[in-house]
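Beneath this line is the structure, given in structure tokens, with notes to follow.
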Amino acid sequence: QIVATGICRTDDHVITGALVMPFPIILGHEAAGVVESVGEGVTSIKPGDKVIPLFVPQCGECSNCLSAKGNLCSKNDAGTSAGLMPDGITRFTCKGKAIHRFFGTSTFTEYTVVHESAVAKIDPAAPLEKVCLIGCGFSTGYGAAVHTAKVEPGSTCAIFGLGGVGLSVVIGCKAAGASRIIAIDINSSKFAKAKELGATDCINPKDFKKPIHEVLIEMTGHGVDYSFEVIGHTETMAAALACCQYNYGVSVIVGVPPAAQKITFDPMLLFSGRTWKGSIFGGWKSKDSVPKLVADYMKKKIVLDPLITHTLPFTNINEGFDLLRTGK
């Protein structure tokens, strides 16, 4: 049973066609709930357990799960876009017709079915309406900073995009001890929240006549140590790469890239030593890490409350998407 679910831009990408998935489909992938029943052979989860569904599963057997470096389990549905359970059956029907699943989770429904490898048991005392954010947005942003980039104390960071995931990158950079955290968005109303969470500078590209990467290089003298693209636009991905230090800067792509778009850049940007990386779910091994992140929230080591702007009943989900699209 889904008790609480967050709205993520990735869900909206399916509606707009930026992420191609089969229709009809039940979206949603960031949630928390209570197990109602289990199928035969399920041993790690029992009815009554409080859980977070995992859009990146952890089978524990594939090469990515077995590698200390990997977290994108080969049993994920993000790459195949099949919209089915691992056994090829969806589990959702309406009037006798099959309805596709989203990222193996489909949380925009009162009840869903997930594979045992795609669910994490969490502290039963955790408030589900808050820790649901650990199912995607918070973990993705926070992990991109502390896990994928491995931001060091004293470093300088730039974050492009200040939605829930971008703000979680800000939280991660601050937790890692970054001395300067530059937050970038074309919506200046996001700046107060970014500063509350640790941003030291906030800039709006619309306020400048020159390209934003040049502005950042001027602000820092030589470019930032770490940059994060948390929007999903090829232009900002290129700008994030160009604004990091030419020899040892690291740029991380966190936003979902739009379908069928290619990126063109000067290879000299990489030849001089920069590193360009991607990060899915913050690089965390999901089944291992989600319970620990929930425990950190319960110990007040991490904050989630500032990331929640609205709490709506399930019937108002489209109103939630309107709020997302208007930057509210």
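The values are calculated or read from the model by the stated rules, or taken from the named source; none is laboratory data. As the structure is a prediction and not an experimental result, all values here were calculated from the model. Neighbour counts are summed over all protein chains in view; Cβ atoms, including those assigned to glycine, are modelled from backbone coordinates with ideal geometry. Heads up: the accessible areas ignore ligands, DNA and RNA and are worked out on the full protein's heavy atoms, side chains in. Shrake-Rupley method; radii C 1.70, N 1.55, O 1.52, S 1.80 Å.
Has the range 252-264 got any residue that is open to solvent by 70 Å² or more (accessible area, probe 1.4 Å), modelled with pLDDT of 95 or more and over 30 Å from Leu54 (Cβ atoms)? No; the residues of the range 252-264 include none that is open to solvent by 70 Å² or more (accessible area, probe 1.4 Å), modelled with pLDDT of 95 or more and over 30 Å from Leu54 (Cβ atoms). In the range 97-113, the residues that are more than 14 Å from Glu30 (Cα to Cα) and assigned to a loop (DSSP other than H, G, I, E, B) form Cβ pairs under 7 Å with partners that are open to solvent by less than 30 Å² (accessible area, probe 1.4 Å) and of a type in the set (Phe, Trp, Tyr), at six or more places apart or across chains, as follows: Ile99/Phe92.
Picking from residues in the range 281-297 that are among the hydrophobic types (A, V, I, L, M, F, W, C) and open to solvent by less than 30 Å² (accessible area, probe 1.4 Å), the one that is nearest to His29 (Cα to Cα) is Phe281.
I'd like the residue in the range 101-112 that is surrounded by fewer than 20 Cβ atoms within 10 Å (Cβ to Cβ) and either touching a Cys at 6+ places or on another chain (Cβ under 8 Å) or not aromatic (Phe, Trp, Tyr) (or both) and, out of all such residues, is farthest from Gly320 (Cα to Cα). Once the filter is applied, the top-ranked residue is Glu110. Taken together, the residues in the range 160-186 that are surrounded by fewer than 21 Cβ atoms within 10 Å (Cβ to Cβ) and either touching a Phe, Trp or Tyr at 6+ places or on another chain (Cβ under 6 Å) or part of a helix (DSSP H, G or I) (or both) amount to 2. Might you check whether a residue that is part of a strand (DSSP E or B) and within 16 Å of the chain's Cα centre (by Cα) occurs anywhere in the range 53-64? Yes - at least one qualifying residue is present in the range 53-64.
Taking into account only those residues within the range 8-32 that are touching a residue at least 12 places away in the same chain (Cβ under 8 Å) and open to solvent by 60 Å² or more (accessible area, probe 1.4 Å), which is nearest to Lys262 (Cα to Cα)? Break it down stepwise before answering.
To start, the set of residues in the range 8-32 that are touching a residue at least 12 places away in the same chain (Cβ under 8 Å) comprises 8-15, 17-32.
Remaining after also requiring open to solvent by 60 Å² or more (accessible area, probe 1.4 Å): 9, 15, 20, 23-24.
On the way: Arg9: 20, Ile15: 21, Val20: 16, Phe23: 25, Pro24: 28 Å.
Filtering the range 8-32 for residues that are touching a residue at least 12 places away in the same chain (Cβ under 8 Å) and open to solvent by 60 Å² or more (accessible area, probe 1.4 Å), the one nearest to Lys262 (Cα to Cα) comes out as Val20.
It is to be established whether one or more residues within the range 79-95 are within 18 Å of the chain's Cα centre (by Cα), acidic (Asp, Glu) and either assigned by the TED database to the domain that holds Val38 or part of a helix (DSSP H, G or I) (or both). No, because not a single residue in the range 79-95 is within 18 Å of the chain's Cα centre (by Cα), acidic (Asp, Glu) and either assigned by the TED database to the domain that holds Val38 or part of a helix (DSSP H, G or I) (or both). For the range 220-227, the condition holds for at least one residue, the condition being that it is modelled with pLDDT of 95 or more, assigned to a helix (DSSP H, G or I), under 11 Å from Ala158 (Cα atoms) and not assigned by the TED database to the domain that holds Leu307. In the range 75-89, of all residues being of a type in the set (S, T, N, Q) and farther than 15 Å from Glu116 by Cα, the one that is most open to solvent (accessible area, probe 1.4 Å) corresponds to Thr80.
Taken as a whole, the range 33-42 holds no residue that is surrounded by 24 or more Cβ atoms within 10 Å (Cβ to Cβ) and among the hydrophobic types (A, V, I, L, M, F, W, C).
Could you please find all residues in the range 124-159 being in a helix (DSSP H, G or I) and among the β-branched types (Val, Ile, Thr)? If you could, list the steps in order and put the result at the bottom.
From the range 124-159, those in a helix (DSSP H, G or I) are 128-135, 137-149; that's our starting set.
If the condition is that a residue be in a helix (DSSP H, G or I) and among the β-branched types (Val, Ile, Thr), then Val131, Ile134, Thr140, Val146, Thr148 are the ones that fit.
Ser117 meets the conditions (1) outside any loop (DSSP other than H, G, I, E, B); (2) at pLDDT below 95; (3) hydroxyl-bearing (Ser, Thr, Tyr) in every case but one. The failed one is (2). Listed by position, the helices (runs of 4 or more DSSP H) inside the range 262-328 whose residues that are within 20 Å of the chain's Cα centre (by Cα) and not assigned by the TED database to the domain that holds His213 number at least 1 are 286-298, 317-325.
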